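Take a look at the structure below.
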Amino acid sequence: MLISSPTSVEGALEELGNENTLAVGGGTSIALMLKNRLIEPDRLVLLNKVPTLSGIDERTSATVRIGATSTLLELMHSPLVNAALPMLSFASSRVGNPRVRSVATIGGAIIHGDPRQDLPPVLLSLGATAHIVGPSGERDVPLSEFFLGFMESAAGEDELVTEVTVPRVAGQRTHYTRFTPGSEDDYPTVGVAIAMTLDSEGTVRDARIALGGVDSTAILATEAAALLVGHRPSDELIAAAGQSAAEGANPSDDQRGSESYKRAMVDVWTRRTISACLAG
Amino acid sequence: MSRVDAALKASGRSRYVADFTLANMAYAAVARSEMAHARIVSIDTSAARGCPGVIAVFTAADVTATPYGRALVDTPLLARDKVRFVGERVAAVVAATRHEAEYAAAMIEVEYEPLDAVFTPSEALAPGAPAVHEQPWAYQGAAAKEGDPINLIHRGTHGSKEAVDAALASAAFVVDHHYTTQGVHQGYLEPQACIAEYISDEEVRIWLTTKAPYRVREMVGKCLDIDPKKIELEPITLGGDFGGKGSPQDAPLCTELSRKTGRPIKMTLRYSEDLTAANPRHPAEIDVRIGADEQGRIVAASMVANLNAGAYGAFTPSVPAPHGAVEIPSYRVPLFYSEANRVYTNTVPRGNMRAPGAPQGTFALESAMDELALVVGIEPAELRRRNLLVTGEADASHVHWIEHRGLETLEAALNAVVPIEPPEGWLYGRGISVYSRPTTSMASTSLRLTPVDDGCLRVETPLVETGTGSHTVLRQMLADQLGFAPQNIEIVGVSTNDLPRDAGAGASRVTAGFAAVVDVAAKAWMNRSRDEAIVVEVNEDSGVDVGSYTVQIAQVAVDPSTGQLKILELLNAVDVAAIINPLAFQMQIDGGATMGVGFATLENLDEADGQVWAANMGEYKLPSARDVPRYKTVKVPGAIGLGTANVKNIGESTTPPVAAAIANAVFDSTKCRIRDLPITAEKIYQALKGQQ
């Protein structure tokens, strides 16, 4: 297996033009898959030497740009992310352990496309966009169109996610719940990430509810969120949103719970997470 | 006092079996069965033989046909004619590197004809069940007889079922319930590994991840027809045991491969292999019946356990009945019937794990005690108070202990518990559980003491430090009795050739065994000729039963909307004699309780279809630091211990009672009785839903 460390995006793309080649951010997922022989690539392209893929800054006053190789540790401690996107800092702090967080990257988290992980639903609910660069040019793909299936994304094998941009919304209320009734050191049975804005009357202006661990990708509970918009949510409305989210989920049985239990937990935790957002 | 091995372990310099390399060493890897039960039609090794680095490929036809085992000798080196569980060794590759061996092993093509399989004891004991072994009675050491249920390995009974049935029929109160427990892995960090170097029938050296080297050399020798005394088990550092490292593991196979290839052979399991093909704890199906009089005094009890022994019975606990899964050691039971059936199934073969049988049996018994308290209409603690044995009484199996301190331990626990507020909206409950076990020292070990310069002492022991701190405890006992400063005593692990005997680390008797041999050593040391090394040994075949009680109280909170369980506190009241090393002692209490918490709420090999679910320790969940609840320890001092050192067992005391303490607390909070482990949030949620 060949391993290269290009220092530019162009260099990385050139390497990725080879057959059976994988780009590596922090490598925390790839190393596990290699060890379990789920993948047998001929080449690995390490991205940590490409300076333009790193860094977190304000693209505009309304957008935070996060370089694809930004680590979860950086997301935890970045003053900008803490101030503008506290849910992202919080979710990053709950992933794995310090060894994982110090190398795992935001680019890896989305390109890996594991629906059980924490960052995909969080970024979905924040309305993030992935910037993809490849041999045929560059494009922006909203995360709502990025996750195509289980560990399958809109980025081609010869393409790179170079950065993630996240809108910065004044007064946005966010809350992320990772429900781990077995071990806290496990993927969540159900993850619920919600971002919403209220007007001064307490009426919901905008809401996005994203779910992790209950489908082949992280998903948006669009109908559940739509129920809330334009209303000052009552208990009945919150219950209806929970039920809608549960109906829209498509979980499967595994060690973290049966299909029916996960569906019921989507209901409970969507309701509770909405209430947490409303409570500020 | 700091541990003998602290600096080496903390700095990563401890050398484990996987770290050793011998000159000219080759590596073995095995192809494993992907079928739970199937006839082997053909094995095509041609592709594997052509792979780079391959030295030789072996199937059952190429190695000894003699199986190996402890009491029951039924385990083949490589599957012969048929496979009996997913993960069974089918063929072995020897190659220049580990990677090449594993690569070639994956190229071995096996054609199977699938057979009907059985995965639980109930399925295996059902009339007409497919036979895991066609003639189980024909193995050396078999307890089964022709005409027994085909998959029965051993049936151990105690007492009269008729007498108990009659007493239960006329008892004022009776409970009769069925409890089930899952398979769990010991979870040691170091996977099983072996290096075998066969030089001649007169000289064989083995480095094995084992805590029972003398026993292993006997079994390897018998299997390969080599004088066991010519087999030397080298000293090693063990990365955790918890009962799982007492079998010969892959040593018979590696030794045979070394004999066939003329090279030292090394085989280190991937953790996925350790999960699917080592020797985890027996899943159990246990029926408990208890009858009591109007005052709640037990008049008769019956415990019947069917233990899933997996595909081979060689290392299922070989003790005669009553097995730990069907013991009632703590209570006054005038009429007792117990039955333990060890049963073949098409699942991973089972072995020992911390207090074999007791975590399963204590979950069933102590849950049933609470169920009995409910029908009698008294508090669970009061029921136990009325039934705990007192000194002078024999237990249900007619064993007399030197004293019984269950009542003191119970009261100490009840006095120490302080109610904890649950989170808002959560239900609160408290559960109690009692466990007791005897230590019979039956010491069997040896030591060599050599005076060295500057008033220092070099002490050689064949006892493997499994990670518990046993070598530190030995140093401390010797320092106390011989008058040395601990830092002037060096403890050195040595091979089976260097000293005559050791029974292996197990049965909570390491400290007691050391206490006995240190007594002998202290006398011999006084009487020695100047500056001469001395070798001492003890080999007791009987001993007094010193009992040790543990009373646990779990406080839990349950989220009624999700079933999520939080253990607010687990209190361990333990009945203690002298404590040699307070830190190591506390580590056994807390570590044992944590293992119990994992068994009670989380861990599960989940092999319902014969396939262990998890492929690694990331997937197979043990409690992590974040999952460990708050512990409170109450020591009840003043007990009678063994030997001059006055010590009792602790290593297996706090694991068995945890599951029932939690199940009883969950019942107290929710009125839901969970009789199937592990107690997951989903099971509680479903039970709560069922109430509505």
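The values are calculated or read from the model by the stated rules, or taken from the named source; none is laboratory data. Only a predicted model underlies this, so the values are computations on that prediction, with no experimental measurement involved. Quick reminder, even Gly has a Cβ in these numbers, built from the backbone with ideal geometry, and neighbours come from all protein chains shown.
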Just to be sure, is B:Glu619 within 14 Å of another protein chain (Cβ to nearest Cβ), under 22 Å from B:Ala355 (Cβ atoms) and either over 19 Å from the mean Cα position of the chain (by Cα) or surrounded by 23 or more Cβ atoms within 10 Å (Cβ to Cβ) (or both)?
no
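Yes/no matrix, rows are residues, columns are (1) buried (at least 24 other Cβ atoms within 10 Å of the Cβ); (2) outside any strand (DSSP E or B); (3) modelled with pLDDT of 95 or more:
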{"site": "B:Ile290", "(1), (2), (3)": "yes, no, yes"}
{"site": "B:Ser302", "(1), (2), (3)": "yes, no, yes"}
{"site": "B:Ala305", "(1), (2), (3)": "yes, no, yes"}
{"site": "B:Phe336", "(1), (2), (3)": "yes, no, yes"}
{"site": "B:Thr347", "(1), (2), (3)": "yes, yes, yes"}
{"site": "B:Ala355", "(1), (2), (3)": "yes, yes, no"}
{"site": "B:Gln360", "(1), (2), (3)": "yes, yes, yes"}
{"site": "B:Glu371", "(1), (2), (3)": "no, yes, yes"}
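Among what's in the stretch B:578-609 and is buried (at least 20 other Cβ atoms within 10 Å of the Cβ) and either among the acidic types (Asp, Glu) or more than 22 Å from A:Glu184 (Cβ to Cβ) (or both), pick the residue that is nearest to the other protein chains (Cβ to nearest Cβ).
Filtering the stretch B:578-609 for residues that are buried (at least 20 other Cβ atoms within 10 Å of the Cβ) and either among the acidic types (Asp, Glu) or more than 22 Å from A:Glu184 (Cβ to Cβ) (or both), the one nearest to the other protein chains (Cβ to nearest Cβ) comes out as B:Glu603.
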Going through the stretch B:12-30 one residue at a time, which ones are over 23 Å from B:Lys211 (Cα atoms) and loosely packed, with under 13 Cβ neighbours inside 10 Å?
B:Ala23, B:Asn24
How many of the residues in the stretch B:656-692 are more than 13 Å from chain A (Cβ to nearest Cβ), in contact with a Phe, Trp or Tyr (Cβ under 8 Å, 6 or more places away or on another chain) and polar (S, T, N, Q)?
1
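Per-residue answers, yes or no, for (1) within 18 Å of B:Ala413 (Cβ to Cβ); (2) more than 24 Å from the chain's Cα centre (by Cα); (3) assigned to a loop (DSSP other than H, G, I, E, B):
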position	(1), (2), (3)
B:Ile640	no, yes, yes
B:Thr644	no, yes, yes
B:Glu652	no, no, yes
B:Ala661	yes, no, no
B:Glu682	no, yes, no
B:Tyr685	no, yes, no
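Output the strands (runs of 3 or more DSSP E) that fall wholly within the stretch B:489-596 and possess 1 or more residues being within 24 Å of B:Thr472 (Cα to Cα) and of a type in the set (D, E, K, R), or say none. Even if it seems obvious, please write down each step before you answer.
Values: elements: B:489-493, B:534-539, B:545-558, B:565-575.
In the stretch B:489-596, the matching strands (runs of 3 or more DSSP E) lie at B:489-493, B:534-539, B:565-575.
Please go through the stretch B:42-98 and give me each residue that is in a helix (DSSP H, G or I) and in contact with a helix residue (DSSP H, G or I) (Cβ under 9 Å, 6 or more places away or on another chain), ordered by number.
Applying the first criterion (in a helix (DSSP H, G or I)) to the stretch B:42-98 yields B:46-49, B:60-62, B:98.
Scanning the stretch B:42-98 gives B:Ala47, B:Ala48, B:Arg49, B:Asp62.
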Any strands (runs of 3 or more DSSP E) falling wholly within the stretch A:166-270 and containing at least 2 residues that are within 14 Å of another protein chain (Cβ to nearest Cβ)
A:173-179, A:190-198
Note on the stretch A:84-131: residues in a helix (DSSP H, G or I), more than 17 Å from A:Thr28 (Cβ to Cβ) and out of contact with any helix residue (DSSP H, G or I) (no Cβ under 9 Å at 6 or more places or on another chain) are A:Ala84, A:Pro86
Pairing a residue in the stretch A:31-55 that is farther than 25 Å from A:Ser8 by Cα with any residue that is part of a helix (DSSP H, G or I), where Cβ atoms lie under 7 Å and the two sit 6 or more apart in sequence or on different chains, gives A:Ile39/A:Met33
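Conditions tested, residue by residue: (1) at pLDDT below 95; (2) crowded, with 21+ Cβ neighbours inside 10 Å; (3) closer than 30 Å to B:Asp541 by Cα; (4) not assigned by TED's automatic domain parsing to the domain that holds B:Gly493.
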residue: B:Pro422; (1), (2), (3), (4): no, no, no, yes
residue: B:Gly429; (1), (2), (3), (4): no, yes, no, yes
residue: B:Asp454; (1), (2), (3), (4): yes, no, no, no
residue: B:Thr461; (1), (2), (3), (4): yes, yes, yes, no
residue: B:Ser470; (1), (2), (3), (4): yes, yes, yes, no
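Quick check on this structure: which one of A:Ser234, A:Ser216, A:Ser200 is surrounded by fewer than 20 Cβ atoms within 10 Å (Cβ to Cβ) and in contact with a Pro (Cβ under 9 Å, 6 or more places away or on another chain)? Full working, then the answer.
Values: A:Ser234 fails: in contact with a Pro (Cβ under 9 Å, 6 or more places away or on another chain); A:Ser200 fails: in contact with a Pro (Cβ under 9 Å, 6 or more places away or on another chain).
So the residue among A:Ser234, A:Ser216, A:Ser200 that is surrounded by fewer than 20 Cβ atoms within 10 Å (Cβ to Cβ) and in contact with a Pro (Cβ under 9 Å, 6 or more places away or on another chain) is A:Ser216.
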Considering only residues that are farther than 19 Å from B:Phe667 by Cβ and touching a helix residue (DSSP H, G or I) at 6+ places or on another chain (Cβ under 9 Å), look in the stretch B:561-577 and name the one that is nearest to the other protein chains (Cβ to nearest Cβ).
B:Asn572
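Select the strands (runs of 3 or more DSSP E) contained entirely in the stretch A:1-79, then report the ones holding at least 2 residues which are away from chain B (no Cβ under 14 Å) and more than 23 Å from A:Ser136 (Cα to Cα). Explain how you work it out, then say what you get.
Details: elements: A:2-4, A:21-24, A:43-46, A:56-60, A:63-67.
Ranges flagged: A:2-4, A:56-60, A:63-67.
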Please determine whether any residue of the stretch B:647-655 is crowded, with 18+ Cβ neighbours inside 10 Å, among the acidic types (Asp, Glu), touching a Ser or Thr at 6+ places or on another chain (Cβ under 7 Å) and within 14 Å of another protein chain (Cβ to nearest Cβ).
no
